[in-house]
Amino acid sequence: MPHALNLSRAARLVGVTRAALQARIRSGELASMDGMVEADELLRLYPDARLDVDGAFERVTEIKERAFGKRVRERTLPSQELLAERLFEHARELADTRAHLQKYHLLVVDLGERIRALAGDGEGALRAQMRELADTLDRHLAVILGEGESPNAIEIMDDMLSLVASHVVLRPSGHEYFVQGADTLLEGALKAGLALNYGCSSGTCGLCKVRVASGQVRRMHPHDYVLSEAEKRSGVTLACSYAPVSDVVLEALEALGPQDIPEQTISARVRAIERASADIVLLHLQTPRSNRLRFFAGQSAVLGFHPAGSEEFPIASCPCDDRNLHFHIARDPSSSFAEHLFAGVLGRNDPVTVFGPIGDFVLRDEAARQLAFIACDTGFAPVKSLVEHALALENAERICLVRLATRPDGHYLGNLCRAWSEALDDFLYLPIDGAGRSAQENADALCRAIEGNFAGLAALHVYAAGPQPILDEVQRRLCGRGLPATQFARTVCE
Ligand code: FES
């Protein structure tokens, strides 16, 4: 029987994004049936996929590790208990498959004997045909039992991958993701850029209830929330406290847009304050384990600390980045918050109040294949969040990031952008130096960069963050040259 794989798993095994595989399906190079591809077909297209440490199996993880700068590898192995349960689940499936095969074998042997018996009673041509049929059955059986089919490298890798990472499908959205290591269903979804419903993330509120439609889960953390007997019987569980033991299908509520996420007030702590340049500070906050900020990539939050007061800043990290919240804050004499920060009033572990999320500068169409991001100076903060979200979703076939620096050191974190560009196929990074130029000239340079790298604008989705005069001009010109107005999203960052 052909070994079929879903697209997410297939992409992971050969070390490409799901979007890259979808492109090969659309071009007719790879056959697909109901969202599944065959292992043999995949191996034909990617003959170098191998089961070794430098092979494709590791590549996607490495790309994300380099791209996000996270220590993903440390967290990829499941706990002993989870691994034992997954092995047990595999052994059970293997035993089931063997029992099934045994039944089919007996059935075929019995069928052969009956045909032979009927041939003994028959006459003439019918007798000869029945003998021929019985001999054909015997021959095929001998081939199957004698040689067997050795699984290809993709099949072996698929079995290994399913031990360290379970595949999850959400209904009704059809979103898919992997849960690695000792992550819960909720943590896996957040790291994949999906907006699963949740509240406390520590097993007390019940907002993360999901129904396990198929597959096995295991409790990872004790929880206070009491599931009723009827809920337990129907497969309801808490996504924040359970991990998958096998591949699972979940019925789950997801936020569809900013309007589905409530406002929250959280007391976070300063994890680090770093100078990205003489005039830009990177503020890294961490929320409590039991009280993460729910938000969409690209949104903002109001930050407050005494005596600086409160101000709104775009969040520079992605919801997929665990409890970490990053902000890029520029020196600005009119900002009390920035002045106090640059004066060193805030230090490591100091409390900062976070209120949010705010705004609707979010990825609008997650199925968009061509994405262009424009970031002017600290407009890179919300754009960085969106880029990381787009990378986590793995839907875009092509991403172009154009950064305009109008102030000295405006291309801060340039190494990160270059790392994205080097590690990911079809990721283009274009830095533009706009210091001393007019808004018109800078808008012109941005538009030329976009138009020069996309064949047409009709299918492009543009996300731009920067000063209003530049955004106005870029929007006017791109929309005048064929970019649909609904495919231009913007947020003003002065
Ligand atoms: S998020 Fe509150 S119980 Fe899971």
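What follows draws every value from the coordinates through simple rules; no lab data is involved. Everything quoted here is computed from the prediction, not taken from an experiment. As a convention, Cβ positions derive from the backbone with ideal geometry for all residues, glycine included, and neighbour counts pool all protein chains shown.
Find out how many positive minus negative residues lie around L413, taking Lys and Arg as positive, Asp and Glu as negative, among other residues whose Cβ is under 13 Å from that of L413.
0
Given region 346-488, report the % of alpha carbon pairs whose separation exceeds 28 Å.
Tail fraction, whole percent: 18.
Put a dot 7 Å past each Cα toward the Cβ at E81 and H340; how far apart are the dots in nm?
Calculated label separation equals 4.3 nm.
Working out 0.36 nm times the residue gap between Q440 and V143, then minus their Cα-Cα distance, what length gain in nm do you get to one decimal?
99.5 nm
Under 5 Å between amide H atoms, partner at least 5 residues away or on a different chain: which partners does M220 have, H built in plane at 1.01 Å?
Under 5 Å from the amide H of M220: Y242, A243.
Residues with amide H under 5 Å of L404's amide H, sequence separation 5 or more or different chain, H placed in the peptide plane at 1.01 Å from N; which?
A375, C376, D377, I432
First obtain the Kirkwood hydrodynamic radius of the chain from its Cα pairs, then insert it into the Stokes-Einstein equation at 25 °C and 0.890 mPa s, and state the resulting D in µm² per second as a whole number.
96 µm²/s
I need the per residue convex hull volume for region 80-149, using only the alpha carbons, in cubic angstrom as a whole number.
Spelled out: Cα convex hull of region 80-149, divided by residues, is 73 Å³.
For region 164-258, calculate the relative contact order in percent as a whole number, restricting contacts to Cα pairs under 8 Å that are 6 or more residues apart.
Dividing the mean separation by the residue count of region 164-258 yields 37 percent.
Which is farthest toward the positive dipole end of the chain among M130, Y429, I261, measuring Cα position about the Cα centre, with Cβ charges +1 (Lys, Arg) and -1 (Asp, Glu)?
I261
Fewest Cβ neighbours within 10 Å first, please rank I432, I25 accordingly.
Result, fewest neighbours first: I25, I432.
Can you work out the FRET efficiency for the pair S290 and R476, with r the C-beta to C-beta distance and R0 = 35 Å, to the nearest 0.05?
0.15
Enumerate the residues in region 411-437 having an amide nitrogen under 18 Å from the point lying 7 Å beyond the Cα of R24 toward its Cβ.
Residues passing the 18 Å test: 424-427.
Could you give the dipole magnitude of the chain about its Cα centre, charging the beta-carbon of Lys and Arg +1 and that of Asp and Glu -1, in debye to the nearest 20?
Dipole about the Cα centre, nearest 20: 760 debye.
For region 296-395, what is the Kirkwood estimate of the hydrodynamic radius, computed as the reciprocal of the mean inverse distance between distinct Cα atoms, to one decimal in Å?
Answer for region 296-395: a Kirkwood hydrodynamic radius of 14.5 Å.
Out of A243, S166, L325, whose Cα points farthest toward the positive end of the dipole of the chain (charges: +1 Lys, Arg; -1 Asp, Glu; placed on Cβ)?
The residue sitting farthest along the positive end of the dipole is L325.
Please work out the FRET efficiency for the pair T204 and H306, using the Cβ-Cβ distance as r and a Förster radius of 35 Å; give the result to the nearest 0.05.
The calculated FRET efficiency here is 0.75.
Ordered by residue, what ³J(HN,Hα) values in Hz, to whole numbers, does region 324-336 give under the Karplus form 6.51 cos²θ - 1.76 cosθ + 1.60, where θ = phi - 60° and Gly and Pro are x?
8, 10, 10, 9, 10, 10, 8, 4, 7, x, 8, 10, 5
I need to check one value: relative contact order of region 277-394, counting alpha carbon pairs closer than 8 Å and at least 6 residues apart, in percent.
In percent, rounded to a whole number, it is 34.
Hey, got the dipole for region 370-492? About the Cα centre, +1 on K and R Cβ, -1 on D and E Cβ, debye to the nearest 20?
For this selection, approximately 300 debye.
Residue-wise, which Karplus ³J(HN,Hα) couplings in Hz belong to region 241-249, taking 6.51 cos²θ - 1.76 cosθ + 1.60, θ = phi - 60°, and x for glycine or proline?
Calculated HN-Hα couplings, in order: 10, 10, 10, x, 9, 10, 5, 10, 10 Hz.
Order of H105, H326 from fewest to most other C-beta atoms within 10 Å?
Going from sparsest to densest Cβ surroundings: H105, H326.
Farthest toward the dipole's positive end in the chain, which of Q102, S334, V462, given Cβ charges of +1 (Lys, Arg) and -1 (Asp, Glu) about the Cα centre?
The residue sitting most towards the positive pole is S334.
Give me the number: length gained by fully extending A423 to R233, i.e. 0.36 nm times residue separation minus the C-alpha to C-alpha distance, one decimal in nm.
Length gained, A423 through R233: 63.8 nm.
What's the local net charge at Q259, with K and R +1, D and E -1, over the other residues with C-beta under 15 Å away?
-2
For the chain, compute the number of Lys pairs whose alpha carbons are separated by less than 21 Å, excluding pairs fewer than 8 positions apart on the same chain.
Lysine pairs, 8 or more places apart or on different chains, close enough: 7.
Could you give the dipole magnitude of region 80-149 about its Cα centre, charging the beta-carbon of Lys and Arg +1 and that of Asp and Glu -1, in debye to the nearest 20?
Approximately 220 debye in magnitude.
Using alpha carbons only, how many degrees (0 to 90, rounded to 10) separate the axis of helix 468-480 from the longest principal axis of the chain?
It works out to around 50 degrees.
How long is the gain from A31 to R331 if the chain were fully straight, where each residue apart is worth 0.36 nm and the alpha carbon distance is subtracted?
The A31-R331 span can extend by a further 102.6 nm.
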